[in-house]
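Below is one structure, written out as structure tokens; comments come after it.
What follows draws every value from the coordinates through simple rules; no lab data is involved. In this text, all values refer to a predicted model and were calculated from it rather than measured experimentally. In this analysis, Cβ positions are derived from the backbone assuming ideal geometry, glycine residues included, and neighbour counts consider all displayed protein chains.
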Number of protein chains: 4
Amino acid sequence: MIKAGIIGSTGYAGQELVRLLINHKSAEIKWFGSKSYINKNFSDVYQNFFKIISDKCLDDNMEKLAEEVDVIFTATPQGFCSSLINEEILSKAKVIDLSADFRIKDVDVYEEWYELKHKSPQFLKSSAYGLCEINRELIKNSNLVANPGCYPTCTVLSVYPLLKEGLIDENSIIVDAKSGASGTGRSAKTDNLFCEINENIKAYGVTNHRHTPEIEEQMSYAAGKTVKINFTPHLIPMNRGILTTIYASLKNEQTYEEISSVYDKYYSGERFIRILDKDVLPQTRWVKGSNFTDINFKIDSRTNRIIIIAAIDNLIKGAAGQAVQNMNIMFKIEETTGLMQVPVFP
Amino acid sequence: MIKAGIIGSTGYAGQELVRLLINHKSAEIKWFGSKSYINKNFSDVYQNFFKIISDKCLDDNMEKLAEEVDVIFTATPQGFCSSLINEEILSKAKVIDLSADFRIKDVDVYEEWYELKHKSPQFLKSSAYGLCEINRELIKNSNLVANPGCYPTCTVLSVYPLLKEGLIDENSIIVDAKSGASGTGRSAKTDNLFCEINENIKAYGVTNHRHTPEIEEQMSYAAGKTVKINFTPHLIPMNRGILTTIYASLKNEQTYEEISSVYDKYYSGERFIRILDKDVLPQTRWVKGSNFTDINFKIDSRTNRIIIIAAIDNLIKGAAGQAVQNMNIMFKIEETTGLMQVPVFP
Amino acid sequence: MIKAGIIGSTGYAGQELVRLLINHKSAEIKWFGSKSYINKNFSDVYQNFFKIISDKCLDDNMEKLAEEVDVIFTATPQGFCSSLINEEILSKAKVIDLSADFRIKDVDVYEEWYELKHKSPQFLKSSAYGLCEINRELIKNSNLVANPGCYPTCTVLSVYPLLKEGLIDENSIIVDAKSGASGTGRSAKTDNLFCEINENIKAYGVTNHRHTPEIEEQMSYAAGKTVKINFTPHLIPMNRGILTTIYASLKNEQTYEEISSVYDKYYSGERFIRILDKDVLPQTRWVKGSNFTDINFKIDSRTNRIIIIAAIDNLIKGAAGQAVQNMNIMFKIEETTGLMQVPVFP
Amino acid sequence: MIKAGIIGSTGYAGQELVRLLINHKSAEIKWFGSKSYINKNFSDVYQNFFKIISDKCLDDNMEKLAEEVDVIFTATPQGFCSSLINEEILSKAKVIDLSADFRIKDVDVYEEWYELKHKSPQFLKSSAYGLCEINRELIKNSNLVANPGCYPTCTVLSVYPLLKEGLIDENSIIVDAKSGASGTGRSAKTDNLFCEINENIKAYGVTNHRHTPEIEEQMSYAAGKTVKINFTPHLIPMNRGILTTIYASLKNEQTYEEISSVYDKYYSGERFIRILDKDVLPQTRWVKGSNFTDINFKIDSRTNRIIIIAAIDNLIKGAAGQAVQNMNIMFKIEETTGLMQVPVFP
């Protein structure tokens, strides 16, 4: 059994990680960390776990935790993991960080967009960017994995094959993303009250959302050259799910079949990526509650653009599910373990 | 023109009052009070008013306000109005208090349920309980009106005729109420976040909600004897609206027509009460955005109970709309002025 | 492996049954019946199953199905199962009927409330009412199980101990229920469009909902005398979940501890019933996606009534989950098999 | 008083038109046309109008209607208005068509995208495209006005000044739009059921939505050259509102102030267009229930693109409100008459 500890287990992503791990046949949770709820029953904070989990919340002691577990998940705000991590911790336990601290290799870019001094840049090089389908080998050999952001996961997975094959103009990419409200987290803010989000849609972080450089870095690796994009997230009145609508100019005319075969080349063996049938477009309802990424595209011959649409459950493939998938890879167990939930509808 | 001042203009009920008053042909707002947003543009707090209202928010100075306006609305937490009001204020301006301070005539009951010392019990006697359709004459002659609670408005209006006529067993009344989330107010609490209210229903305040004694007092007046009820409010995932489902035992067998004629006797001349056609039951969508109270009932001959269902928009008839209706009555202008909005659907 | 066939697999309850069964370690689905979608891929009707199920929908041939499977689930409108079932089918396969056909033992009551002639009253006697926690032994020995209605499940489970112990006045029971929209089914009706249900609450079936006699019959068995109730369901804007708020007069004064110990007596060993801690009330969000029934109560000493609140996921404990639980009991495998999903929040 | 008749008064846009007109001080409705509900009380179809409208629904007799009213609104499917309209009707009454029949001047484009033979191409030339802020003079002098589509209204208004001034690359425009569900209409389709739309987002009509040529034609007029765009609408779980997020490349570098002054040049005198303050972005909640179009933009110096965001209430400025605005212009009364509703929040 893999012994797991979670720091930040009472955020939305943290509790989802708990839900996935307690039904994971090869893992068990040994530490429910939660700064805000120390000594409170975990199931008093999230009553869905009543009569399922009897543990109390513990503090954020990463050093002690490293003694007791095989893997530490940090589902914490940016700056937390990088300020506490050290060689000793990494010598004792593997770390999967769900925050942004180790996602961006260029420390200057991180510090500019996050307006934070990075406390452990020395680990950036050896850490792996945990986009499982792309970086499987790196992840396997790393003891520090940066779990990707929700928007970057959905975005990068869906354009990666096209960039890798050089089919789209790298300067033409526009990512218009829409997310459910669980992405805003569980902290009490007027803007996130029911009446403010319900019956509303808004864009936010326009031109300056922090997932922009993360997406650009990964796209640049795929393209083999610098990619700059526009990324615009929107908040919509639902709990879970991200839909990304991506626009790009095709370098040359392409048929549906040609593009389709490119996706097959990269993803036909992937259990968690579903390239939908022709003309069937991803919708968040069909991935909700699962680790799937649904992808499809349409070519507009009038403008020679391709429109790529992808959907994930932001708390699963966009956070906790991918974290478990990374754990499975790092511990060399079957990658799909604990992640074969069928999407829940309605 | 009636000069109006609002203390607490930036809560949900306060801003709704603003919306109603700025289209009221005989009133104008002179004071947008808001402790939390002093000196901030009102339209920065509620952007629906951008290019409509250019005023800044002011402080809560009730004495100064009384000099400048004809009517003061207090859309504030309990305890506020009763702690500031005095004879001098009341000699200069009429006061419509949207809080609970003057709703309950028995000061002991108020202090027990609200766990507050009442600061101005001397005004309880002369104040009027502003349930317009029932207390019109009292309201007309009062300069301090207690605007009823949202649940009491919907509840009392819908059973009043039956109690007045002595048709139902006073000890059998059960009120099961359901409200949209705007009733919880705009303060930032985890429990009121979108993800906590969406896709959920919960009961709250079971056996001890503070609207219970207010409902009981009004029902007791109608019945001419002490009435004790069970009142259970529920929070449901929508912005606006209250539906109350009320159960009571009929003292004797009654036909639909007999009960129907009783409602007609009391309400046939009321513009804001709609007794629906036989077998058509109230739904909140048909009153949303309006000052209407929709009411209907079914008799269950199997159990000899009557089930009375009523719907209001909690922010209008349940708060700001009724406050305007009270103002109209107090200033002896046409009661429907500024309140003839058609319900907005969908 | 238990071979299962589903007639009516493309309704909301049917597809939920599919979802539960494909992850059930001791069962496999052999027949995806759907009159409306014969020969269409099941995963084209419900795209959540894309790349998970490759079967096509088949017709409703119950006789043929009985040859091929061990258990037949009928998730069909009332009248269907009773018109096709016969001795031969029952000699070959066990049947779990999710419709109302075999829920009510008194055929006259069925025919009156459902306005249908019952085609197979001869099986009523030997069939079991599949409320697992109450009728486990009967279910074990039956080859025809009537899976309870969603409202009756939530209602009966939560008052059963009180009736059985004779603690509440049998003539005082009022059930006020609230359901998410998946209970209305997937047929295309104007009343069930998004814009009609969203931002609305309505009561329906007031005094004449068909679950009334089903609830009354089960309550009468528990009480050992005839029980007549008022039952009022409401439709609220969410996908899943039922909350029932039940009012009853206590025959004698009772303390919280006394009532609590009664619930413990009946349910302390039940895996799918959670009696919550004192003052913690059920909410649908904490059971969504699971087979749990959450129950708690408050005593109002002012009126000597008890208010019992219960929550289930209407598609799981209220339909497909309980059907699987019944299957597990009938086939004498561990009752919780395939049903240990943690509630999914948010 | 302007006598008005509505054909198609029981669709969502039709009933909204009714709501606006019955509070319009210079108009009265003489004909509630509704093919589906002939002889039924209008207020039985939309109970919000109970005790407000006592008229019955009438048939679709346009010739007879022209005798009785001054203005005919056709809130009907495409093909209806163009198949019935004739010189005689137009000689007796003004016509405002809310369908697409007269929006596109090029009959070939109409027939290609709508897959319909146009029955009255002879009126295309003299009809006016009723985008009030742009075509006021044309509308004033026309007796047949094509009320714009909801998406085109929001899109064209928000980019018009930039195209007119030649500031953006005409080939770079991408329109990503999001709409509430009232845009899908009131017909009973499985796809539009509550459970299918709630907790979901999907794109639809990708590369082939019928509003594309309408938007392109209007953009081309503004730019003085042919414009081809990508337009992708999405359906989100709310009742009302459209948000459009538009991406375009700036021909030259521009400052916020330069672009801002361009918007001022075109719209500073417009009552229904609100250019928001710097960094404040449109949200649908702030325009819901009103005739406003809220617009703002951000410039991304990294990519030299401008992102323009706009919000409308799809049933008001996107349909019924703009139709009333057109009527006001055609009848030379104050343009804002009956349209000064403050946005309703929450």
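Using the Karplus equation 6.51 cos²θ - 1.76 cosθ + 1.60 (θ = phi - 60°), what ³J(HN,Hα) coupling, rounded to whole Hz, does each residue of segment D:70-80 give in order, writing x for Gly and Pro?
8, 9, 10, 9, 10, 9, 10, x, 4, x, 5
Could you give, in nm with one decimal, how far A:K164 is from each other copy of that position, shortest first, with labels 7 Å out from Cα toward Cβ?
4.9, 5.9, 7.7
Which percent of Cα-Cα pairs in chain B sits in each 20 Å bin, short to long?
Whole-percent P(r) values from 0 Å outward: 31, 59, 9, 0.
Could you tell me what a quarter of the Cα convex hull surface of segment B:255-304 works out to, in nm² with one decimal place?
For the Cα atoms of segment B:255-304, the hull's average projected area reads 3.9 nm².
Can you give me the long-range amide H partners of B:D101? Hydrogens built in the peptide plane at 1.01 Å from N, cutoff under 5 Å, separation of 5 or more residues or another chain.
So B:D101 has HN proximity to B:G79.
Can you find, among A:S126, A:S99, A:S34, the residue farthest towards the positive end of the dipole of segment A:2-126? Put +1 on the C-beta of Lys and Arg, -1 on that of Asp and Glu.
Comparing the listed Cα positions along the dipole, A:S34 ranks first.
Tell me, A:Y266, C:Y247 in order of fewest to most beta-carbon neighbours within 10 Å? Before the final figure, lay out the partial values.
On the way: A:Y266 18, C:Y247 22.
Ascending number of Cβ neighbours within 10 Å: A:Y266, C:Y247.
Return the long-range amide H neighbours of A:D277 (sequence gap of 5 or more, or a different chain), with a cut-off of under 5 Å between placed amide H atoms.
Those lying under 5 Å, H to H, from A:D277: there are none.
Which residue fluctuates the most in chain B, going by a Gaussian network model with Cα springs under 10 Å, if the choices are B:I215, B:I229, B:I309?
B:I229
To the nearest whole percent, what portion of all C-alpha pairs in segment A:2-126 is separated by more than 22 angstrom? Can you show the working numbers first?
On the way: 2761 of 7750 pairs.
Beyond 22 Å sits 36 percent of the P(r) for segment A:2-126.
Where a ≥ b ≥ c are the square roots of the eigenvalues of the C-alpha gyration tensor, would you call segment D:90-208 rounded, which needs a/c under 1.5, or, failing that, prolate if a/b is larger than b/c, or oblate?
Numbers: a/c = 1.88, a/b = 1.27, b/c = 1.48.
Cα axes put segment D:90-208 in the oblate bin.
Give the lysines reachable from D:K51 as a straight Cα distance under 16 Å; neighbours fewer than 8 places away on the same chain don't count.
B:K278, B:K288, D:K40
Based on the Cα gyration tensor of the protein assembly as shown, what are the three equivalent ellipsoid semi-axes, each the root of five times an eigenvalue, rounded to whole Å and given largest first?
Values: eigenvalues 391, 385, 228 Å².
Ellipsoid semi-axes (Å, largest first): 44, 44, 34.
Spin-label point model (7 Å from Cα, Cβ direction): what's the A:M340 to A:E111 distance in nm?
Using points 7 Å along Cα→Cβ, the separation is 4.8 nm.
Net charge within 15 Å of C:E257 by Cβ-Cβ distance, Lys/Arg positive one each and Asp/Glu negative one each, not counting C:E257 itself?
Values: positive: C:K265, C:K278, C:K298; negative: C:E165, C:E253, C:E258, C:D264, C:D277, C:D279.
Result for the neighbourhood of C:E257: -3.
Under the rule of at least 5 residues apart or a separate chain, name every residue whose amide H is placed under 5 Å from the amide H of A:K251.
Placed amide hydrogens put A:I168, A:D169 under 5 Å from A:K251.
Can you list, shortest first in nanometers, how far C:D44 lies from the same residue in the other copies, with each label 7 Å from Cα toward Cβ?
With the label placed 7 Å along Cα→Cβ, C:D44 yields 4.1, 5.4, 5.7 nm.
In nm, what does the list of distances from D:I333 to its counterparts in the other copies look like, shortest first, when each label sits 7 Å along Cα to Cβ?
Here the equivalent label points are 2.2, 7.2, 7.3 nm apart from this one.
Measure off 7 Å from each Cα along the Cα-to-Cβ vector at A:Y204 and A:K189, then give the distance between these two points in nanometres to one decimal.
For A:Y204 paired with A:K189, the spin-label model returns 0.5 nm.
Neighbouring Cβ atoms within 10 Å as the yardstick, rank B:M327, A:M1, A:M340, B:M219 fewest first. Let's see the in-between values first.
On the way: B:M327 30, A:M1 10, A:M340 13, B:M219 23.
By the 10 Å Cβ count, ascending: A:M1, A:M340, B:M219, B:M327.
Using C-alpha positions alone, give me the convex hull volume of segment C:151-314 per residue in cubic angstrom. It would help to have the intermediate numbers written out before the result.
Numbers: hull volume 19.3 nm³, N = 164.
Considering the Cα atoms of segment C:151-314, their hull volume per residue is 117 Å³.
How much FRET efficiency would the formula 1/(1 + (r/R0)^6) give for A:K35 and D:S220, where r is the Cβ-Cβ distance and R0 is 51 Å, rounded to 0.05? List each step's numbers first, then the result.
Values: r = 58 Å, r/R0 = 1.13.
With a Förster radius of 51 Å, E is 0.30.
Report, in listed order, any pair from B:K56/D:K25; B:K225/C:K178; A:K35/C:K298; C:K25/C:K332; B:K35/B:K64; B:K317/D:K202 with a Cα-Cα distance greater than 26 Å.
Details: B:K56/D:K25 32 Å; B:K225/C:K178 33 Å; A:K35/C:K298 33 Å; C:K25/C:K332 14 Å; B:K35/B:K64 15 Å; B:K317/D:K202 37 Å.
From B:K56/D:K25; B:K225/C:K178; A:K35/C:K298; C:K25/C:K332; B:K35/B:K64; B:K317/D:K202, over 26 Å: B:K56/D:K25; B:K225/C:K178; A:K35/C:K298; B:K317/D:K202.
Per-residue HN-Hα couplings for segment B:159-168, Karplus 6.51 cos²θ - 1.76 cosθ + 1.60 at θ = phi - 60°, whole Hz, x for Gly and Pro?
So the Karplus estimates, Gly and Pro as x, are 10, 3, x, 5, 6, 4, 8, x, 8, 10 Hz.
Arranged by the count of other C-beta atoms within 10 angstrom, fewest first, what order do C:T207, C:T336, A:T232, C:T10 take? The partial results should precede the final answer.
Working: C:T207 17, C:T336 13, A:T232 25, C:T10 21.
With the sparsest Cβ surroundings first, the list reads C:T336, C:T207, C:T10, A:T232.
Less than 12 Å Cβ to Cβ from A:N41, Lys/Arg counted +1 and Asp/Glu -1: what total charge do the surrounding residues give? Walk me through the numbers before you get to the answer.
Values: positive: A:K40, A:K51, A:K56; negative: A:D44, A:D55, C:D277.
Net charge around A:N41: 0.
Summing Lys, Arg as +1 and Asp, Glu as -1, what charge do residues with Cβ under 13 Å from the Cβ of D:S91 carry, D:S91 excluded?
On the way: positive: D:K92, D:K94; negative: D:E63, D:E67, D:D70, D:E87, D:E88.
Taking every Cβ under 13 Å from that of D:S91, the sum is -3.
Semi-axes of the equivalent ellipsoid of segment C:77-156: what are they in whole Å, largest first, if each equals the square root of 5 times a C-alpha gyration tensor eigenvalue?
On the way: eigenvalues 64, 60, 20 Å².
Equivalent ellipsoid of segment C:77-156: 18, 17, 10 Å, largest first.
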